[in-house]
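Engineer: Encoded as structure tokens, here's the structure I'll be asking about.
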Amino acid sequence: MLAVLRNSVTLAASVLALASAGCSFTSTCSRDEDTVVVSDGLVLGNTYVSSPSAGPFAHFPPARTIEFVHGLPSYPTQIESKLSFSEFGTLAPAAGNSAIEIPPTNEEEKKIRIKNDTCSEFYIRVQASVPVYPDLGNAGAGASGTDPLSSAGAAGTE
């Protein structure tokens, strides 16, 4: 009975040691951290894409930060990172530490910074957009140029 308990404790300790041996913030991968700038993306209306949907995607090895120069009028409010295991492979949404968005230093920053904080090698495609608000101009103004919702221009207020 004691031998079974000892074996169970040894097994549990081994499993915990293996689980904690993965790449973490304090561990080191086989390569140094680096930063690469990608400036050849495309802006279509209010949307930036780092590459065509079929590739080629940016190489995204462990410990790399990629700065995507987006060219949008402001920092995007929606950023979607997708990963592949090859330059022209099938894309899947990034999760966990595989693509961490580093917040901008100010609102006008023209780069989206994404870090691979894992020990796995990927290829990445980023799509980002800013909201588009319609230019209302004089839309909604009454015939005389007054606001139809104000009490002066509203019908039935006489």
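Engineer: Quick one: if the Förster radius is 25 Å, what FRET efficiency do Q78 and D32 give, using the C-beta to C-beta distance and rounding to 0.05?
Structural biologist: 0.20
Engineer: At 0.36 nm per residue, and after removing the present C-alpha to C-alpha distance, how many nm does the segment from Y133 to E87 gain when stretched out fully?
Structural biologist: Length gained between Y133 and E87: 13.0 nm.
Engineer: Local charge sum around G55 (other residues, Cβ-Cβ under 14 Å, Lys/Arg +1, Asp/Glu -1)?
Structural biologist: Combined, the nearby Lys, Arg, Asp and Glu give 0.
Engineer: What share of Cα pairs, in percent, lie more than 17 angstrom apart in the stretch 29-129?
Structural biologist: 46
Engineer: Another one. Which whole-number percent is the relative contact order of the stretch 29-129 (Cα, under 8 Å, 6+ apart)?
Structural biologist: Computed value for the stretch 29-129: 37 percent relative contact order.
Bear in mind that the values in this text are calculations on the coordinates, not laboratory data. What you see is a predicted model, and the numbers here were worked out from it, not measured in a lab. Please note: Cβ atoms are built from the backbone with ideal geometry, for glycine as well, and neighbour counts cover all protein chains shown.
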